[in-house]
Amino acid sequence: MAETISECVCLVHYHEIGLKGRNRSTFENQLVTNIRHVLGKLPDIDVRRIPGHVLVTTSDASAVPGIARQVLRVPGVARASLAYRCGLDENAYCAAAIRALGEAGKFQTFKVHAHRSSTNYELHTLDINRLVGAKLCEQFPDKKVDVHHPDVTVYVVVNQASVFVYALTERGVGGLPVGSAGKVVTLLSSGFDSPVATWLVGRRGAVCVPVHFSGRPMTSDTSEWLCQDICHAFAPSGVVGRLYVVPFGARQREISLAVPQSLRIIMYRRVMFAVAQRIARLEGAKALVTGESLGQVASQTLDNIAAVDEMATIPVLRPLIGSDKQEIIARAQQIGTYDICCETAPDCCTLFMPRRPETHARIDEVHEAWDCFDHDAMIDDLVEKVEYVDFDQCPSYRAPRCLRHRHAELCPAWTQ
């Protein structure tokens, strides 16, 4: 049999996108755009839609495994496979199957799984299974066929005028392409929870705009640098377009002197929600996102959550509400934020903390404390002084024309 192996490619599979109806092409095009952006710095890369998949090709076959590793972290990608693309010639795709199985590592059993997205090809999938399986049995006589629980599966996908053959495939992050579900503002700290919450919402297709409330000038700006590192860690997934930083320390001190000690945290968070919602309005975002987990700390009881939610007129999403700390940490390790979040940094979360915070706030007492300081002027001032850092990782992000104060330290190349 003449060995006519054609090029090695990265075949990208999606799941949820395939369940869409008439707007399916919108999701596919967004996924193609996001993959192109992630791979943009690599030379000679072509990314395009083919029926049921996204195909990534390059003239450098040795670069394909690295391309696949990057693609796996893009939301919307269910799997990425190192495939051989052949014509419809039987000898060609049988030879590709032999090579693919030979590269699959140690195994004792295998099977062939054929699929036709093009019904114009004369051979049925069962015929392709028998044909390719017979060639593999000849080439690997010491291996056995197991159609139920094989060690390795060789896939043969007939797609229009091409056949894609692969055995090496790896699971991606899944979800939907960033940019397909609108924009959200997330409350981001340098702890474990809020970065995971941000990533999870981004994985569902939302463009995320984090807002970090810094303890500056009452604390150092370390937490701001850590939040910037977290946003850089999100680069392969492309979920973040801009980070806003709100110097909150001086205002926290004002609140701590004006309200009952037990209600400080609730007042802090009400102001945060009000500022975040103002930013959301300017950004055109449709929801707020927090990293709260029910009952994890004093501010995250149902009574206190309700007292804070009163400030929001748009939906508040809490993707971690039913998660425990170990689950959150495991996800932080998966998305690459764990080591960053292990760094200790003083921020507004630990500033002017009460000895005995209220765990079941009464709404009338909350309103009374809220009227103890000029909250409207404080919110206006915080919004006026908000700073930002842009990240070139989200092709779907569009910045508003207002809020032009760039962060002096995190954006040293710019002048205020």
Picking from Val47, Val112, the residue that is under 14 Å from Ala167 (Cβ atoms), part of a strand (DSSP E or B), among the β-branched types (Val, Ile, Thr) and in contact with a helix residue (DSSP H, G or I) (Cβ under 6 Å, 6 or more places away or on another chain) would be Val112
Considering only segment 96-106, state which residues are surrounded by 15 or more Cβ atoms within 10 Å (Cβ to Cβ) and either of a type in the set (D, E, K, R) or at pLDDT 95 or above (or both). Ala96, Ala97, Ile98, Arg99, Ala100, Leu101
Going by the structure shown, is Asp324 closer than 24 Å to Ala377 by Cβ and surrounded by fewer than 20 Cβ atoms within 10 Å (Cβ to Cβ)? no
Out of (1) assigned by TED's automatic domain parsing to the domain that holds Val211; (2) under 30 Å from Ser180 (Cα atoms), the odd one out for Phe373 is which? (2)
Here are the criteria: (1) surrounded by fewer than 13 Cβ atoms within 10 Å (Cβ to Cβ); (2) farther than 22 Å from Glu224 by Cβ; (3) without any contact (Cβ under 8 Å) to a residue 60 or more places away in the chain. Tell me which single one Gln300 does not satisfy. (1)
Matching residues in segment 252-277 - criterion: being closer than 29 Å to Ala332 by Cβ and not aliphatic (A, V, I, L, M): Gln252, Arg264, Tyr268, Arg269, Arg270, Phe273, Gln277
Any chance segment 278-289 includes a residue that's within 19 Å of His375 (Cα to Cα) and touching a Phe, Trp or Tyr at 6+ places or on another chain (Cβ under 8 Å)? yes
Give Arg356, Arg331, Arg281, Arg270 a once-over and let me know the one that is surrounded by 22 or more Cβ atoms within 10 Å (Cβ to Cβ) and either assigned to a helix (DSSP H, G or I) or in the same structural domain as Gly205 (by TED's automatic domain parsing) (or both). Arg270
Is it true that some residue in segment 336-343 is at pLDDT below 90 and either surrounded by 13 or more Cβ atoms within 10 Å (Cβ to Cβ) or within 20 Å of Arg251 (Cα to Cα) (or both)? no
Between a residue in segment 358-374 that is farther than 8 Å from Asp303 by Cβ and any residue that is hydroxyl-bearing (Ser, Thr, Tyr), which pairs come within a Cβ distance under 6 Å, given they are 6 or more apart or on different chains? Glu358/Ser262
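Being among the aliphatic types (A, V, I, L, M) and touching a Cys at 6+ places or on another chain (Cβ under 7 Å): is that true of Val207 here? Before the answer, list the steps.
Values: among the aliphatic types (A, V, I, L, M): yes; touching a Cys at 6+ places or on another chain (Cβ under 7 Å): yes.
For Val207, the condition - among the aliphatic types (A, V, I, L, M) and touching a Cys at 6+ places or on another chain (Cβ under 7 Å) - is met.
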Leading residue by the ranking (surrounded by the most Cβ atoms within 10 Å (Cβ to Cβ)) among those in segment 359-384 that are hydrophobic (A, V, I, L, M, F, W, C) and not in a helix (DSSP H, G or I): Ala361
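The values are calculated or read from the model by the stated rules, or taken from the named source; none is laboratory data. Just so it is clear, the structure is predicted and the values come from calculations on it, not from any experiment. Glycine gets a Cβ as well: all are built from the backbone with ideal geometry, and neighbour counts include every protein chain shown.
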